[in-house]
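Please read the structure below before turning to the comments.
The values are calculated or read from the model by the stated rules, or taken from the named source; none is laboratory data. Owing to the predicted nature of the structure, the values given are computational and were not obtained by experimental measurement. FYI the Cβ positions are ideal-geometry reconstructions off the backbone, even for glycines, and counts take in every protein chain you see. These area figures cover heavy atoms from the full protein model, side chains too; ligands, DNA and RNA do not enter into them. Shrake-Rupley method; radii C 1.70, N 1.55, O 1.52, S 1.80 Å.
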Amino acid sequence: MSTTYLGMPALPAPGDRAFPSFPQAAHAAVRDTTLRGNLRHATHTIRAKRAKAVAEVSDWAQLREAGRRIKDHTLRHLDRYLVQVEEAVTAAGGTVHWAANAAEANRIVADLVKATGEREVVKVKSMATQEIGLNEALQAEGIRAYETDLAELIVQLGKDRPSHILVPAIHRNRGEIRDIFRSEMSAWGRPAPEGLTDTPAELAEAARLHLREKFLRAKVGISGANFVVAETGTLVVVESEGNGRMCLTLPETLISVVGIEKIVPTWRDLEVFLQTLPRSSTAERMNPYTSMWTGTTDGDGPSTFHLVLLDNGRTDTLADQVGRQALRCIRCSACLNVCPVYERAGGHAYGSVYPGPIGAILSPQLRGTATDIDASLPYASSLCGACYEVCPVAIDIPEVLVHLRERVAEGGTATRGGNKVVLRPAKGHAAERAAMRAARWAFTHPGALAAGQRLASRTRRFHPRALPGPGRAWSAGRDLPAVPAEPFRDWWQRTRGGKDEAK
Amino acid sequence: MSSRERILGRVRRALADVPPDDTPYEEAVPRPYLRRHGDRDVAGTADLLAANLADYRAVVHRSDTAGLPGLIAHLLAQRGSASVLVPPGLDPAWLADTDTDITRVADRAESTPGELDRVDSVVTGCAVAIAETGTIVLDGSPDQGRRRITLIPDHHICVVRVPGQVVSSVPEALERLTPSRPLTWISGPSATSDIELDRVEGVHGPRTLEVVLAEDGDG
């Protein structure tokens with residue numbers, strides 16, 4: 001198993017505390033009525049808007065299919081495109097670093113920051129740097145990282161964890177945000193204005209004032225990227241607030257930490273994703289700001305640019321023939337917003353920076369299924385398929401969920417840290433496996449099946465409403481199927497398939 | 001072994017199951033999607049651009065080339081700006097009617113972000129504008145200047161020449177742009193959806209974006 005540190009923001013050091021399994025974490029969340037209200041309001045708002053934004057584009061299905069093919073092709077030739085990215089970025093004046101895991105990426109970034117002599121950095125919202133726990137790693141080196149996205153700021157000030165890919169503070173309502181700003185801003189810099197109310201416009205203004213001094217003096221910026229174009233070496237960051245532009249333009253040094261799956265082969269490929277990403281994520285025709293840069297430009301923007309290419313479980317995911325499609329993900333979060341499980345359980349229950357349906361297939365692949373949380377995530381779904389419907393790169397999330405459930409229950413081969421490993425079946429699935437073995441035997445022995453069915457029908461008035469013993473957990477959330485008075489096959493024979501039904 | 005070699009090796013081993021495929025990229029990814037959505041004439045495209053800009057809270061003005069200096073003068077005066085940033089290659093005629101009391105600030109390499117923060121407005125051209133999405137794109141050409149001059153001042157006036165700089169769609173815009181230039185795509189003023197997924201305009205970027213659609217000729 002990988003011992004890679006996959007740190008989570010605002011948590012104790014790795015190993016100090018394991019995340020509870022999804023059912024345990026969700027158990028508390030579904031009883032939190034404020035959280036349920038906040039999530040319901042936010043996800044329903046964005047659902048309707050997204051549907052409208054997508055309906056505006058008559059060729060959505062074709063764009064989605066093209067996006068899927070571009071990503072699949074890139075993954076198929078990822079070695080070639082990685083080398084091409086390295087060449088293009090280097091030729092444009094950037095420096096490329098390779099990080100096999102989180103610890104290595106954090107080490108590279110910390111050393112780069114220290115080499116500038118600076119002790120603080122401004123950050124653009126980035127899933128990759130959250131995934132590797134960069135802020136905590138920098139803090140351990142005496143470097144303070146300021147999150148500048150509004151929702152990330154709310155999370156950072158509230159000593160909280162992100163609960164949504166696009167809107168990490170989605171679990172907070174306006175009143176809670178105002179309270180956090182009032183009590184916490186002064187410890188980080190400019191305090192919240194006197195008499196701050198909970199109107200979103202005033203809260204945004206408070207964030208503007210608080211962060212402006214940090215932007216104007218920042219010497220080092222840290223970002224991720226939504227896309228890296230292999231043929232040109234161009235990086236793309238889509239955002240809304242302008243904090244991204246501030247971090248990408250004003251500092252002297254820019255460090256971008258990017259997962260190796262973010263590559264697209266050609267400049268032209270952006271025409272697909274710049275249409276599908278904004279409509280899928282914020283439900284806009286286009287997000288307010290998109291920045292594109294290629295290496296460094298004399299006199300405009302940072303004079304030093306570093307690109308850190310991050311693996312951290314991605315190549316392990318790539319090795320799985322069914323699961324590799326998860327690497328197509330462009331982090332739009334549409335699947336979270338439509339998911340009935342996410343809406344009720346909230347993002348924290350997923351125990352990862354990647355919550356929701358995509359998190360349920362990404363986390364157990366990036367981190368492996370060794371922990372309680374990662375082994376339970378493939379079950380955090382009703383398999384309703386709404387996530388697949390809205391996915392702009394057509395990731396068949398239910399298919400991968402079922403595949404991962406099989407791996408958890410049955411064990412089998414997987415790739416961890418670049419090496420093939422054989423996983424043992426997880427504990428707690430013994431009854432399930434026994435039931436499946438029994439079913440396999442019964443279905444291949446028709447006589448025994450028929451006898452068993454007749455026996456079940458004749459004894460049906462004595463059947464309990466819940467299963468005893470180890471089956472109790474299964475039947476706690478489900479009704480046992482009612483057994484008919486007569487097995488279907490007996491009825492078919494007696495009535496000749498219903499033709500003699502009147503008799 | 002370096003991490004570079006380690007990662008590339010892992011990628012190659014991970015793909016060992018995939019049969020070799022040397023289909024050229026152009027054939028590997030068919031592109032049956034549309035180059036643009038709908039057929040519009042020049043006026044229709046400009047109207048759509050104006051409508052979509054306004055939908056995301058940009059303030060849209062329309063003018064002919066002759067009326068441009070007067071309109072810009074009016075917008076700066078109305079805003080009450082005391083100073084305006086001027087990119088090096090901005091057509092001097094555009095500011096010809098602007099009150100000389102409004103200080104012209106040059107886009108200089110040595111000016112600090114703090115100094116730029118004290119400038120009230122900025123006037124620029126653009127590289128291209130996209131009607132379907134209500135987007136203007138800046139590419140750092142001399143009439144647009146360094147990226148930071150359109151970022152720090154709170155008021156941005158952007159002139160789009162119609163029809164020369166207007167395209168219908170995202171694919172058409174990408175065709176016109178040069179990837180090696182630093183590019184900023186702007187669709188309305190700075191905004192956020194981070195509080196309860198409600199859109200609020202005005203965070204870190206310019207909170208007021210005024211777009212002037214300047215039509216060629218005198219009428």
* For segment B:39-215, what is the largest minus smallest coordinate of the Cα atoms on each principal axis, given in angstrom and ordered from greatest to least? -> 46, 44, 34
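How much of the DSSP beta bridge set in the protein assembly as shown is antiparallel, as a percent to the nearest 5?
Working: 28 of 78 bridges.
Taking every DSSP beta bridge within the protein assembly as shown, about 35 percent pair in antiparallel fashion.
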* Asked: Which value, in Å² and to the nearest 10, is the accessible area of residue A:122 when all protein chains are kept and the probe is 1.4 Å?
  -> 0
* So what's the angle, to the nearest 10 degrees on a 0 to 90 scale, between helix A:33-55 and the longest Cα principal axis of chain A? -> 80
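Please give the contour-minus-distance gain from residue A:27 to residue A:495: 0.36 nm per residue of separation, less the Cα-Cα distance, rounded to one decimal in nm. Can you show the working numbers first?
On the way: separation 468, 0.36 × 468 = 168.48 nm, distance 4.84 nm.
Value of the extension gain: 163.6 nm.
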* Alpha carbon centroid spacing (whole Å) that separates segment B:146-219 from segment A:238-288 -> 15
* Structure fact -> Debye calc, one equal point scatterer per Cα of segment A:25-165, no solvent, log10 I(q)/I(0) at q = 0.19, 0.20 1/Å comes to -1.19, -1.20
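If you roll a 1.4 angstrom probe over the protein chains with everything in place, what fraction of the accessible area of the protein assembly as shown belongs to carbon and sulfur, to the nearest %?
Carbon with sulfur: 52 percent of the solvent-accessible area.
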* Note the full-extension length gain between residue A:454 and residue A:182 as 0.36 nm times their separation in residues minus their Cα-Cα distance, in nm to one decimal. => 91.0 nm
* Structure fact -> Between residue B:83 and residues 5 or more places away or on another chain, the pairs with built amide H atoms under 5 Å apart involve B:103, B:120, B:121
* Overall Cα dimensions of segment A:126-265, principal axis frame, Å, largest first -> 52, 29, 28
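Which entries in the list A:114/A:262; A:52/A:262; A:123/A:214; A:49/A:159; A:49/A:71 go over 20 Å, if you measure between the two C-alpha atoms of each?
From the list (A:114/A:262; A:52/A:262; A:123/A:214; A:49/A:159; A:49/A:71), the Cα-Cα distance tops 20 Å for A:114/A:262; A:52/A:262; A:49/A:159; A:49/A:71.
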* Once the Cα gyration tensor of segment A:330-463 is found, what semi-axes does its equivalent ellipsoid get, as square roots of 5 times the eigenvalues, in whole Å, sorted largest first? -> 34, 20, 14
* Asked: Taking chain B as a Gaussian network, Cα atoms linked when under 10 Å apart, which of B:51, B:131, B:28 shows the biggest mean-square fluctuation?
  -> B:28
* On a 0 to 90 degree scale, rounded to 10, what angle separates helix A:102-116 from the longest Cα axis of chain A? -> 10
* Asked: When Cβ neighbours within 10 Å are restricted to other protein chains, what is their mean count per residue of peptide A:266-275?
  -> 6
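So if we plug the beta-carbon distance of residue A:322 and residue B:141 into 1/(1 + (r/R0)^6) with R0 = 35 Å, what FRET efficiency do we get, rounded to 0.05? Don't skip to the answer; put the middle values down first.
Numbers: r = 48 Å, r/R0 = 1.37.
So, using R0 = 35 Å, E works out to roughly 0.15.
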* At 1.4 Å probe size, with every protein chain present, just tell me what the per residue accessible area of segment B:39-215 comes to in Å². => 34
* Enclosed volume per residue, in Å³, of the convex hull spanned by Cα atoms of the protein assembly as shown -> 192
* **Distance histogram for segment A:449-495 (every C-alpha pair counted, 10 angstrom bins, percent rounded to whole numbers)** => 26, 41, 27, 6
* Structure fact -> Bridge orientation stat for segment B:39-215 from DSSP, antiparallel percent rounded to 5, came to 25
* To do: Can you tell me the 0 to 90 degree angle between the C-alpha axis of helix B:42-55 and the longest principal axis of chain B, rounded to 10?
  => 90
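Calculate for chain A the 222 nm mean residue ellipticity that helices alone would give, adding -39,500 (n - 2.57) per DSSP H run of length 4 or more and normalising by residue count, nearest 500 deg cm²/dmol. Walk me through the numbers before you get to the answer.
Details: 23 runs with 240 residues, N = 503.
Counting only the DSSP helices, I get -14000 deg cm²/dmol.
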* To do: Evaluate the distance, in nm, between pseudo-label points positioned 7 Å from the Cα of residue A:389 and of residue A:41 along their respective Cα→Cβ axes.
  => 2.6
* Could you tell me the accessible area of residue A:371 in Å² (1.4 Å probe, neighbours in place), rounded to the nearest ten? => 60
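Nearest 100 Å² is fine: what is the total accessible surface buried where chains B and A meet, probe 1.4 Å? Walk me through the intermediate numbers first.
Details: alone 12580 and 23860 Å², together 28800 Å².
Counting both chains, the buried surface is close to 7600 Å².
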* Structure fact -> For the protein assembly as shown, cysteines with no other Cys Cβ under 4.7 Å from their own Cβ are listed as A:247, A:329, A:332, A:339, A:384, A:391, B:126, B:158
* Asked: Sorting B:197, B:48 by accessible area (1.4 Å probe), largest first, what list results?
  -> B:48, B:197
* Cα→Cβ-extended label distance, 7 Å offset, between residue B:110 and residue B:35, nm -> 5.0
